[in-house]
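**Student:** Structure in structure tokens, see below.
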Amino acid sequence: MSDHIITLNAGSSSIKFALFALDGGEWPRMVAIGQIEGIGVSPEFEAKVDGKKSKRALTGAETPKNHDDALKIIIGWLGETFPDAKIAAIGHRVVHGGPIYSAPMLIDDASYKVLETFSALAPLHQPHNLAGIAAAGRAFPGIPQVGCFDTAFHRTQPFVNDTYGLPPEHYQEGVRRYGFHGLSYEYITARLEERDPAALRRLVVLHLGNGASMCAIKDGKGQASTMGFSPLDGLLMGTRCGQIDPGVLLYLMQQKGMNAAQISDLLNKKSGLKGMSGVSSDMRDLESSDAPSAKQALEYFVNRIRRELGSLMAVTGGADALVFTGGIGSNSKFVRGEVLTGMEWAGIAFDPAANQAGAEVISAPGSAVKVYVMQTDEEAMIARHTIRVAKLAKAPALA
Ligand code: ADP
């Protein structure tokens, strides 16, 4: 029997999972990763062990009706595949820790109830994250459940980057700039601290994936995020619009008669790279498309990043390093090249050959700003937090 940790990331119709072995190292070792997608639609189970992927449809008696059923299938598969694994704790990705939770924590009945109140702040994600915690609690009674919040990293940002220009009662009731992708930013800063601690002094991280945001970091602490009250703000994303004048929303309501559900659908699902291009939300499709609308969407995507880079570097007072991460940031040479070309004014000397070669450092030798390309690993961050937090004797008090 050896100790293991399960990490779970429950979405509206999916549960992503990973299994980590605790070998005593600073970073736990991932032994399996997978997901059940399409819960309630056409569910499929997918897993990867030792680099080998397997995928199958879940039909007949196996069809999961809800998160509890899906988790049972995952646990059953883990038990069959790793019969010696003993589960010491379960770590959960939770999108919202509200204004109060600034660190991962043990989830007990009281903190679960507090997290439920944050569902109003993140209605598309929080209820599903909580359903995952409840299902795991039923499947593993007595095993510590640890919540890791995507907002936590940003709780160190100063008031001016945390607020909107509204009367203070709105800030008090929770209308704040929370920022998201915090687990990715924590992972990147933790890895960079091992590799190049001086880079943490003034750092901008570009997490460019299907969801995309950027974060200004000073002395390892979050200072400002392009995402705000919700994950809609900031950069253009796969299907989300990013920054928009609230006057547009008023226009859509007052002149076009759109209701909240229609506007939400437009901003969250019908905009972004997909909506602008009419081609795809996938960066690879756009890079290989000849459609003028795809070119325009790419230009806008890059333009938003460059403008936000200038803005975040104003927060950090220049940068010692930039890090590109996320599916696009770590893979797209095209996007990195477009973002970094002509940025000498900011002290960024770009090395196109290193970028083309897929190097880890793509700034030129002697560049005042060092530019890294790194893979993020939110599951590893959750697993590491879970080890630390599960050792606590009892859940921490509310902050
Ligand atoms: P999510 O936010 O869903 O976690 P990811 O971080 O996995 O998203 O990023 C998905 C994005 O990464 C997609 O737009 C995909 O096209 C892009 N991507 C993945 N590989 C490449 C590649 N080799 N070149 C360009 N883009 C890529």
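**Student:** Can you tell me which residue within segment 104-142, out of those that are within 20 Å of the chain's Cα centre (by Cα) and part of a loop (DSSP other than H, G, I, E, B), is farthest from Gln35 (Cα to Cα)?
**Tutor:** Among them, the one singled out is Leu121.
**Student:** Shifting gears a bit: Pick out the one residue from Ile362, Ile348 that is within 24 Å of the chain's Cα centre (by Cα) and surrounded by 18 or more Cβ atoms within 10 Å (Cβ to Cβ).
**Tutor:** Ile362
**Student:** If a residue has to be crowded, with 17+ Cβ neighbours inside 10 Å and of a type in the set (Lys, Arg) to count, how many in segment 263-305 make the cut?
**Tutor:** Adding up the residues that qualify gives 2.
**Student:** Out of segment 311-343, which residues are more than 10 Å from the ligand (Cβ to nearest atom) and either among the hydroxyl-bearing types (Ser, Thr, Tyr) or on the phi > 0 side of the Ramachandran plot (or both)?
**Tutor:** Within segment 311-343, Ser311, Thr316, Gly317, Gly318, Thr341, Gly342 qualify.
**Student:** Can you tell me which residue among Gly337, Gly329, Gly342, Gly347 is closer than 20 Å to Ser225 by Cα and among the small types (Gly, Ala, Ser)?
**Tutor:** Just a single option satisfies the conditions, and that option is Gly329.
**Student:** Related question: Quick one: in segment 286-310, which of the residues that are of a type outside the set (A, V, I, L, M) and touching a residue at least 40 places away in the same chain (Cβ under 8 Å) is nearest to the ligand (Cβ to nearest atom)?
**Tutor:** Checking each candidate, the answer is Glu287.
**Student:** So how many residues does segment 147-187 have that are without any contact (Cβ under 8 Å) to a residue 40 or more places away in the chain and surrounded by 19 or more Cβ atoms within 10 Å (Cβ to Cβ)?
**Tutor:** Final tally of qualifying residues: 2.
**Student:** Can we say Leu166 is more than 16 Å from the ligand (Cβ to nearest atom), more than 26 Å from Asp245 (Cβ to Cβ), aliphatic (A, V, I, L, M) and at pLDDT 95 or above?
**Tutor:** For Leu166, the condition - more than 16 Å from the ligand (Cβ to nearest atom), more than 26 Å from Asp245 (Cβ to Cβ), aliphatic (A, V, I, L, M) and at pLDDT 95 or above - is not met.
The values are calculated or read from the model by the stated rules, or taken from the named source; none is laboratory data. None of these values were measured; they are calculated from a predicted model. Using ideal geometry, Cβ is built from the backbone for each residue, glycine included, and neighbour counts are taken over all protein chains shown.
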